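As structure tokens, the structure follows; a few thoughts come after it.
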Amino acid sequence: MYSSGYRKLLLMLLPVRHHWRIHGILAMVQTVTPADPVHTYSVPGSYSVTLITTSSEGCSDTIEKVNLITIGTITSQFSIPDSVCRNQEYNFVNTTAPPPANSSWDFGDGTTSTEISPVKKYTSAGTYIIKLVNHFSGCIDSVSRPIFVKDAPLPDFTSSDNTQSCKTPFTVQFTNLTPGDNTYIWEFGDGANSTDINPTHTYTDTGSYTVTLIAASNNGCVDTIVKSQYIQIGKLCYHSQ
């Protein structure tokens, strides 16, 4: 077996035979053999071109350039909601036809991406102009759209009592620190929950409990804070013995 480097050296030194493959969205794969072929495209679309080179010794190598040729009308477009919530991830779907070879995004907040269909979240509320630039074979096309980022709750909480106890029952008064007029769901980690703003909860078993606060604003945006093992019952007592 030849190594990769030796195989490529053979391709350079020995007589070679070329096979070109032209892949089209609406056309069957076509194969031509001249070293420098001329090909006429008759159907609009994006076409990938593959060159397979074979030496007289039977060694071969291949290169493919995806969507190298673009024929016909280009329509750059992408799919996004009219509005999104701050700190929530959304998929920006590039629906350009024909598909571009590569793309670049400017999200209007100082961040960019070179993915075809990126995932993005905004960290500040406001209106932003998103610009998508698509690159084709020798062609560039772009489209811009506004997006409105709604403010979202900033959930936080504390406890007015000690969060550790040596015995049960253990009652905890929770204090909601979330600003704004929101609705809430509390999950206390023991299967119980509450929709009160500042609930009181009694734990009846020892253990470690993770407390979750979900806040929903009037504009439909939701955010969550999770405090892992926030309540500790019994552990300190066992460790001190």
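Normalised by the number of residues in the range 54-117, the average gap of Cα pairs under 8 Å and 6 or more apart makes the relative contact order 27 percent.
Sequentially through the range 150-167, phi angles give Karplus couplings (6.51, -1.76, 1.60; θ = phi - 60°) of 7, 5, 10, x, 10, x, 7, 7, 9, 10, 7, 10, 5, 8, 10, 8, 8, 8 Hz, Gly and Pro residues having no value and appearing as x.
For the range 157-240, averaging the sequence separation of C-alpha pairs within contact (under 8 Å, six or more residues apart) and dividing by the residue count gives a relative contact order of 33 percent. If you plug the beta carbon distance of VAL93 and ASP151 into 1/(1 + (r/R0)^6) with R0 = 22 Å, you get a FRET efficiency near 0.35.
Of the chymotrypsin sites (Phe, Trp or Tyr not before Pro) found in the range 72-145, none is in coil by DSSP with at most 12 other Cβ atoms within 10 Å of its Cβ. Using the Cβ-Cβ distance between SER137 and SER104 with R0 = 22 Å, the FRET efficiency computed as 1/(1 + (r/R0)^6) comes to roughly 0.85. One quarter of the convex hull surface built on the alpha carbon atoms of the range 160-241 amounts to 5.4 nm², the projected area averaged over directions. Between the amide H of CYS166 and those of GLY234, distances stay under 5 Å, these residues lying 5 or more places away or on another chain, with hydrogens modeled in the peptide plane.
For the range 168-218 versus the range 100-160, the inter-centroid distance based on Cα atoms is 34 Å. Extent of the range 78-150 along its three principal axes (Cα atoms, max minus min coordinate, largest first): 38, 17, 17 Å.
Here each label is just a point 7 Å from Cα along the line to Cβ, and for ASP161 and THR195 those points are 2.4 nm apart.
Throughout, read-outs are computed from the coordinates displayed, never taken from laboratory work. From a predicted model like this one, the values you see are computed outputs, not experimental measurements. So basically every Cβ, Gly included, is an ideal-geometry build from the backbone, and we count neighbours across all protein chains shown.
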